[in-house]
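Notes follow once the structure below has been shown.
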Amino acid sequence: MPRTVTVGLDGSPESHAAADWAAREAKLRGLPLRLVNVWELAPEPIAQALLPGPETHQQWSERILREAADGLRAADPDVDVLVEQVTGRLPEVLIDAAKDAELLVLGSRGLSGVGGFVVGSVGLAVVAHAERPVVLVRAAEDTSGTDSAVQPSRPVVLGLDTRSPDDTLIGFAFEAAVLRGASLRVVHGWNEPPYIAYGMPLDLELNAQLGVEEAAAVSEVLRPWRQKFPTVDVIEDSLSGKAAHHLVDASAAASLVVIGRRIRRSPVGSHIGPVTHAVLHHAAAPVAVVPHD
């Protein structure tokens, strides 16, 4: 059974924006698009009170799926759209749905007036525990126009940690750039010497030497990947300061930001990490979180 690009659909503007993005991504990858709606059981009076009309909660959910699928098929008949309604707890169902997906796409509400996401508890739980890449897509004011997923002029941005580079993460970013015909901007943040925190004068020579070493480390990590993907234009940015800040800045001109999440088997904790958490909340472009060992 081929993998799918799977999207969680709940009828909100955020989830419809995610479905539009996922449909374009499915076409890029030549994969079916799978729309999943989760029907969480609730006492009938409570569920009915949330609906504007006489239809039941299940009928409303089924209509959401049907109308969304019809709209996506009409927009692009070449995309194979599958629908699935599942009963259960929302995070658990989406985490399970990700197992059979090439990637899982979720919508996230945009912050009013500034770039970035509002990532709720469900989104964070799915990102923290899914075994496949998860993409967060912000609801856009106009999702019918040119989408960032298919603009070749907008680079894919990869957050790279040279201390523990991971092939799964780097490979995902290079492949995303190939699919889009885009360049790949690799962003690496490195810490200034600890004496800065104590108010000591800046040693320009030492900082310059550290900058050279950090840039060389980035080039060394990327050398075999440049050889494997010779058509990808790679831009290397090794910058002093917090990696999350640099990635958020780079997201303003990106089609996709790719960051990693180290897999932790412990049942406690967020399993995300501070850089990934910050980028998820503040990036201005779709963010792909790739789990890796």
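Computed from the coordinates by the stated procedures, all read-outs in this text should not be read as laboratory data. Just so we're clear, the structure is a prediction, and the values are computed from it rather than from any experiment. Positions of Cβ are backbone-derived with ideal geometry, glycine not excepted, and every protein chain shown enters the neighbour counts.
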For Glu102, the residues 5 or more places away or on another chain with a placed amide H closer than 5 Å to its own amide H are Thr4, Val5, Thr6
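Would you list Phe229, Phe174 from fewest to most Cβ contacts within 10 Å? Kindly include the intermediate steps, with their values, before the conclusion.
On the way: Phe229 19, Phe174 22.
Placing the least packed residue first, the sequence is Phe229, Phe174.
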Would you pull out the residues with amide H under 5 Å of Glu192's amide H, same chain only if 5 or more places away, H placed 1.01 Å from N? Gly241
Ranking of Ser12, Ser183 by count of other Cβ atoms within 10 Å, fewest first: Ser12, Ser183
Order of Thr6, Thr276 - criterion: other Cβ atoms within 10 Å of each residue's Cβ, fewest first: Thr276, Thr6
For Trp39, the residues 5 or more places away or on another chain with a placed amide H closer than 5 Å to its own amide H are Val86, Thr87, Gly88
